[in-house]
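The values are calculated or read from the model by the stated rules, or taken from the named source; none is laboratory data. All values derive from a computational prediction rather than experimental measurement. Every residue, glycine as well, gets a Cβ built from its backbone with ideal geometry; the counts of neighbours run over all protein chains shown.
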Amino acid sequence: VIRQAGSHYAREIGQIKNLVREIRRNYRLHAKDENMKEYVERSLQELNQLEKNYIEILFAQVQLGKFKNLRPEDFSKRIEELDQKIEDAISKGNSDLADILRQQKEILEKRKNKVNSGQQMAEILEAQKQTVKETLNLLRDSSLDPTSLPQQTEKVQKVLNAFDSLHDTFQEIETLSNVSTVRLRQ
């Protein structure tokens with residue numbers, strides 16, 4: 001899915017993989033020190049989790065990509081136009097047309113809400129992605145100094161804990177991406 005989304009995401013994955021590879025190489029150098037072995041093992045597990053989290057965020061961003069070009073204002077304008085058409089249909093005594101227009105309005109309102117939700121989620125994902133990226137950069141910088149591993153483990157754990165709260169957001173994104181907004185048969 002990410003490859004189909006374009007070279008931008010593939011390039012991001014490549015950059016992260018290179019960064020993670022560099023950190024692993026530095027960690028392995030410290031693993032030779034018996035006192036650091038435990039920290040290195042834990043740090044490698046956390047590093048794997050950070051890499052996985054980053055890729056999950058990219059996948060979610062790809063899924064939300066369809067909401068980028070949609071604007072809630074466009075839906076609002078169309079909803080207002082439908083309100084006017086509904087009033088006109090009612091004033092002309094055409095209740096069947098008014099019912100159909102109400103259904104159309106309801107669908108547009110649902111789509112508008114999905115676009116709003118999708119855009120809010122996209123902002124959250126981007127912030128989380130940048131946090132993971134900065135954490136990886138910090139790990140790379142500090143991976144050269146074995147004495148900093150214990151402090152970095154605490155920082156990474158905080159980032160991983162914050163990521164756990166995003167799993168609900170991922171489920172919402174999945175729902176937003178998969179649910180059909182228009183049902184022809186009701």
## Note on the structure
Screening SER76, SER43 for residues that are farther than 30 Å from SER143 by Cα, in a helix (DSSP H, G or I) and of a type in the set (Ser, Thr, Tyr) leaves only SER76
### Query
Out of ARG3, ARG42, ARG28, ARG71, which single residue is surrounded by fewer than 15 Cβ atoms within 10 Å (Cβ to Cβ), at pLDDT below 90 and more than 25 Å from the chain's Cα centre (by Cα)?
ARG28
### Task
For the range 111-132, name all the residues that are more than 13 Å from LEU58 (Cα to Cα), touching a residue at least 40 places away in the same chain (Cβ under 8 Å) and of a type outside the set (Lys, Arg).
VAL115, ASN116, SER117, GLY118, GLN119
### Task
Please verify whether the range 82-101 includes one or more residues that are in a helix (DSSP H, G or I) and closer than 29 Å to ILE173 by Cα.
yes
### Task
List every residue pair whose Cβ atoms sit under 6 Å apart, with the two residues 6 or more apart in sequence or on different chains, where the first one lies in the range 15-26 and is more than 20 Å from LYS37 (Cβ to Cβ) and touching a residue at least 12 places away in the same chain (Cβ under 8 Å) and the second, anywhere, is surrounded by fewer than 19 Cβ atoms within 10 Å (Cβ to Cβ) and hydroxyl-bearing (Ser, Thr, Tyr).
none
#### Entry: Among the residues listed as LEU184, LEU176, the single one being in a helix (DSSP H, G or I), under 23 Å from LEU108 (Cβ atoms) and at pLDDT below 70
LEU176
